[in-house]
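Worksheet for the structure shown next.
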Amino acid sequence: MKSKYFNIRIFLILLLTGMFGSFHLAYSQSQNKGLIRGTVKDLDSQNPLPGANIRIVGTYTGTTTNFDGEYSLAVNAGNLEIEVSYIGEKTKTINVEINAGETKVVNFELEMEATQLNEIILAGSLDGQIKALNQQKSADNLKNVVSSDQMGKFPDQNSAESLQRVTGVNLQRDEGDGRFILVRGLAPQFTNISINGEQIPSPEGDSRFVALDAIPSNQLASIEITKSITPDMDGDAVGGSVNLKTPTAYKKQLEVSGSLGGEYNNSSEKTTAQGNVTLSKRTNNDKFGFIVGGSYAPSEKFSERYTFDGWDKDNPEGLDELEITSYEVSRKRIGANATLDYKFSDKSQIYFRTLYSELREVEQRRRLKLESEEDDDVLEYGISKELKYRPENQGVYSFNLGGNYSGAKVILDYEIAYSEAFQKTEANEKSVFENAEDVTWSLNISDRFSPKLNSFTYDGQNAQVGNAALLGLDEWENEVTTAKDHNTTAKINAAFPLHISENQGELKMGGKLRFKDKRFIVDKFESYGYEGDDDLFLSDFADNHVYSSFMDGEFNQEVGPFTDRNEFNTYFNNNIGDFESDFIKAAEEKALQEYKATENVFAGYVQAKIQLNRLMLLAGVRYEKTNFDYASGQWDEDTEEAIAVSGTNDYGFLLPMFHLKYNISDNDILRASITKSYSRPNFQDLVQGATFNGEEASIFNPDLKPVRATNLDIYGEHYFGTLGLLSGGVFYKKLNDFIYQQTTDQTFRGIPDVEVTQSVNGDDASLLGFEIGYQQNLSFLPGVLKGLVVYLNYTHTASEANVANFAQGADLSEIDLPGQADNIGNAALAYNIGGFKARLSFNYNGSYINEFDGGDIINVESRHQWDFSMSQTFSKNKLTAFLELVNLTDEDEREFYNTKNTPSFRTRYGSWGRLGIRFNF
C-alpha cells in the first residue's frame, strides 16, 4: 500500500513539473500570438462538421475540427485570411484581424457542394460517408471512422457487427450475432475497447476483452478504429484501439428520432418487436445541451450443432464422440445513453456522459451425446441426454465527468470516469440422463460434417436413440456465479502552442490514473446424485422436443425427447431426500474458480507535433506502470480443503512512438508510423486455479509476462472528388513474449501421465500484412446509374510464432498466431437516389486458429455472409421505411482439428430479418 501511494506522489510531481515547464515555454513563445476558435457547421442542417480543415491562406499553419465541429488555432497577430475546406461542402474563406493576446471566436457555416452529387447528397444519403472520410483524412494517425449514419445503412444490430465492415476487422459470432472483434489478424484480447475515450472493463469473468454484442449500435454517434496509436492514448493496444462515442446535442430545436419495427427469425420461427428513441435540444442561448436515448431489441434465436471429438483413436468407425445439440436462446438487448454539457464561455465547458447497455439472455441447450471408450481392448459404448438451462445478464455502464478549456497559451481537458461491467449467471442447471452399459451404435461419416446413424442397439436389439425409457438419471448440477469488473479513472491533458521559426506545432503532455477491481464469485454450486429406491428414467420427465428433422433432416433419427425442466424440478424439490449432494465437489469448484484482483495503472506521456510545409511530424513517448495483485485458491486432494494463494505481478513499459503524414496534394496523403505497445494477459491465465478431471488439467500461471510489440505502418490515401477513397498500405508487428497454451504430460497431484495445459510466454512472433480499400460514389455515370456506390476492402496477413515444447509428442516449433486469418474482406453495392436506398453486402472471414487443445490445433473454417438492406424516405425526410435481411444464404459456422477431414463442430444459425419505420422530427 505504501508503494502504491509513493507511485502516485512521484507520478503527480513529475506531471505537474512537466506542465509548468511547458506552460513557461508556451508563454515565452506566445507574446505576439493570438487565438482563433469556433465551430464549423453545415448551413442547412446546422450539424457540426468533424474533420474540417482550417488553414491560414498562404501557409501550412492550420488545424482540424474535433468530433463536435470545434477548433482552436494559435496564430500570429495581424490581418489573416482563413480558409475552411470539407469534403462535400464548398470551401469558404474569410478575413480576420487579431491582436496579440486576443482570443477571437470565428464560426463557419458551409454550403453543401451539390454540383456533382445533386439529389443524392441533398437527400442525406451520404452524410455518414462524408463525415467518416473527413475525419479519416484530417487525422494525424491511421484510423477508420464509422458514423451513426453509416451504421444505419447496414443491417447491423450491435457495435461488433458495425465494425465487421471496416478494413482489417473480422468477427467471432455467438448464435449468429457478432460478438468479439479481431483487428489485423490478432485475437480479441489484443484490441483496446473504450467508451468516450476510456477503457471499459470486461463482463467476462476470465478475460479482459469486451463482448460488443451487448452494446446497441443505435446508441452511438460514431466508432473510431485506431490502427496506429499516439502517446496520448492507452498503450495496451497491440491490435489497435476502438473508441465508441456517444452523441451530443447540437440543435436549438427539440429533435426526436428513433425507430419501431420487428424481427423475424426463420430458425426459431418467432417474431419480436424492437424500438429505440432519442431526444436532444440546446437551450439557454446554446449554452446548455442535453441528449437522452434508449433502445430495446429482443430476439429469439435457434441453432443446431454437431460437435465431434476423438477422431482416429480406438473406434473403428473413426469417431469416439458425437454431440447433437440444439440451442434456444431468448435475448433482450437494452441500451440507454445521456449527455449533458454546459458552455461557460467560448473558452470553457463541462460535460457529463453516461452509457448503459445490457444483454439479458436465457439459453436452453438440449444435447444428445454418443460416446465410446476402449477398456481392456473392449470398445464400450454410451449414450446420454442433457438439458442445460442458463439465464444470464451481462452488461456495461460508464460515467464520464469532465471539461475542457481553450486559451491562447494552453488547451486543457480533464476527466474523471467510472465504469462497471458485470455478468450474473442466475442459474446454470444441468440434468444428465445416460446409459453406458447396454447400448452400441455405429455412424456413417463419409460426409465428415454431416454424420448419419448406421445402427443403434439396446440389449442386442435395434432401438431408437430417441427412446427416453433407455436413459437413467446420472446427475443434476446447478451453479450461480457473479463476475464484476470496476474501473475508476482520472486523467488530464494539456496542449501548448509550439512555434519553430514560421512552423506551427503543438507540445502536449498528460497523465492518467486507473484503478481496476475485478472479481469472480461462485455464489452457489450444487451437484446431486440420485440415491432413491426406484430408478428414475428420462421417460418420467420427457418433454415434447423430438427434433425429427435435425439439420433439415440430415440426421436420420429423432434426437429427442429431452428433460422437461419444470417437471424434473418439481420432483426434485418434493423428493430432496432421495438425492445426495457432493459437498466436496462444490467446495473444490468454488476454490478453483473464485478470485479477486486489483490492477493499478499509472501513465504519463509527452508528445510534440510540428507542421513543416506539407509534412507533419508527431513524436513522443508514453510510460505505463502496472501494479497487479491477486488472491485465488487451490485444492488439496489429500486433505480435501481449499488453499488460499496470492501474489503480485508488477511491470512498466516505456513506449516511444513516431508518426509521419505527408500531404502530396490536397487529395493525396502518405502516412508512416513506428510505435511500441503491449497487451496484458487474461485474468483466467493469471489467477484462476487448476481444473482437473482425473486425466487432464488446466493450471494458471501468475508469472505470465505481457506481450510486447513493435508496430510499423506505411499507408497511402487518395480522396476522389466524387466522394470516395482509394487507400492501402502494409503493416508489420514484431511480438515478444507472446502467450500460447502449452500441453505436456507430467505428474499432477501425485497422479502420473496427466495432460497438463498452461498458458506460457513464447519466444517471439511476427505478423506481416497489407490492406486495401476502395469506396466511391459513381455520380459521374449518366442517368439513374449516378446513384450507384461501390465499397470494397481486402486484408491479407501472415504470421509466424516460435514456440518450444508446444505439446508432448508434437513435432512443432512454429505456429500461426491464434485469430490470424490469412484473408478477410468486404464488398457492397449500394444504390442511392432521392429518398431510396438499397445495399447488398458481402463479408468474408478466412480460416484461422481459434485455440489449442493438447497437441491439436482447432481452426475456424472460412465463412462468408450475404446481407441486404433497403429503405425509402418520405414525408419530407421525416419518415423512413426499412427492410433488413441477414445471412441470406444460411451459412454454417465450422471448426476442425488440424485438417478439414477431422471436424470439431458445425453450427447452423439460420437467417433473420427486420422490418420497420425510422422517424426524425
(Q) Here is a list: ILE324, ILE350. Which entry is surrounded by 21 or more Cβ atoms within 10 Å (Cβ to Cβ) and not aromatic (Phe, Trp, Tyr)? (A) ILE324
Q) What number goes with the only condition from (1) of a type in the set (Lys, Arg); (2) at pLDDT 85 or above; (3) more than 30 Å from ALA672 (Cα to Cα) that ARG749 does not pass? A) (2)
Q: State whether one or more residues within segment 857-871 are aliphatic (A, V, I, L, M), closer than 16 Å to GLY178 by Cα, surrounded by fewer than 16 Cβ atoms within 10 Å (Cβ to Cβ) and touching a Phe, Trp or Tyr at 6+ places or on another chain (Cβ under 8 Å).
A: no
Q) So which residues in segment 169-203 are over 24 Å from GLU361 (Cβ atoms), crowded, with 24+ Cβ neighbours inside 10 Å and without any contact (Cβ under 8 Å) to a residue 60 or more places away in the chain? A) VAL183, ASN192
Q. Is at least one residue of segment 615-622 within 26 Å of the chain's Cα centre (by Cα) and assigned to a strand (DSSP E or B)?
A. yes
(Q) Name the residue that is surrounded by the fewest Cβ atoms within 10 Å (Cβ to Cβ), counting only residues in segment 570-587 that are out of contact with any Asp or Glu (no Cβ under 8 Å at 6 or more places or on another chain) and touching a residue at least 40 places away in the same chain (Cβ under 8 Å). (A) ASN575
Q) Do we find a residue being within 29 Å of LEU885 (Cα to Cα) and modelled with pLDDT of 95 or more anywhere in segment 797-812? A) no
(Q) Here's a check for you: in segment 155-166, which residue that is within 20 Å of PHE842 (Cβ to Cβ) and either aliphatic (A, V, I, L, M) or surrounded by 24 or more Cβ atoms within 10 Å (Cβ to Cβ) (or both) is nearest to the chain's Cα centre (by Cα)? (A) ALA160
Q) In segment 413-449, what residues are in a loop (DSSP other than H, G, I, E, B) and in contact with a strand residue (DSSP E or B) (Cβ under 7 Å, 6 or more places away or on another chain)? A) GLU426, ALA427, ASN428, ALA436, ASP438, ILE445, ARG448, PHE449
Q: Being over 13 Å from the mean Cα position of the chain (by Cα) and free of Cβ contacts under 8 Å to residues at least 60 places away in the same chain narrows it down to one of GLN150, GLN219, GLN136, so name that one.
A: GLN150
Q. Out of ASN826, ASN859, which single residue is in a strand (DSSP E or B), of a type outside the set (A, V, I, L, M), modelled with pLDDT of 85 or more and under 19 Å from THR757 (Cα atoms)?
A. ASN859
Q: Go through segment 373-405 and give me each residue that's assigned to a strand (DSSP E or B) and more than 39 Å from the chain's Cα centre (by Cα).
A: GLU373, GLU374, ASP375, VAL378, LEU379, GLU380, TYR381, GLY382
**Q.** Some residue of segment 412-430 being surrounded by 20 or more Cβ atoms within 10 Å (Cβ to Cβ) and over 30 Å from the mean Cα position of the chain (by Cα)
**A.** no
Q: Working carefully through the options GLU255, GLU263, GLU269, find the one that is surrounded by fewer than 20 Cβ atoms within 10 Å (Cβ to Cβ) and touching a residue at least 60 places away in the same chain (Cβ under 8 Å).
A: GLU255
**Q.** Checking GLN135 against (1) assigned to a helix (DSSP H, G or I); (2) farther than 26 Å from LYS512 by Cα; (3) of a type outside the set (A, V, I, L, M), the condition it does not meet
**A.** (2)
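The values are calculated or read from the model by the stated rules, or taken from the named source; none is laboratory data. As the structure is a prediction and not an experimental result, all values here were calculated from the model. Every residue, glycine as well, gets a Cβ built from its backbone with ideal geometry; the counts of neighbours run over all protein chains shown.
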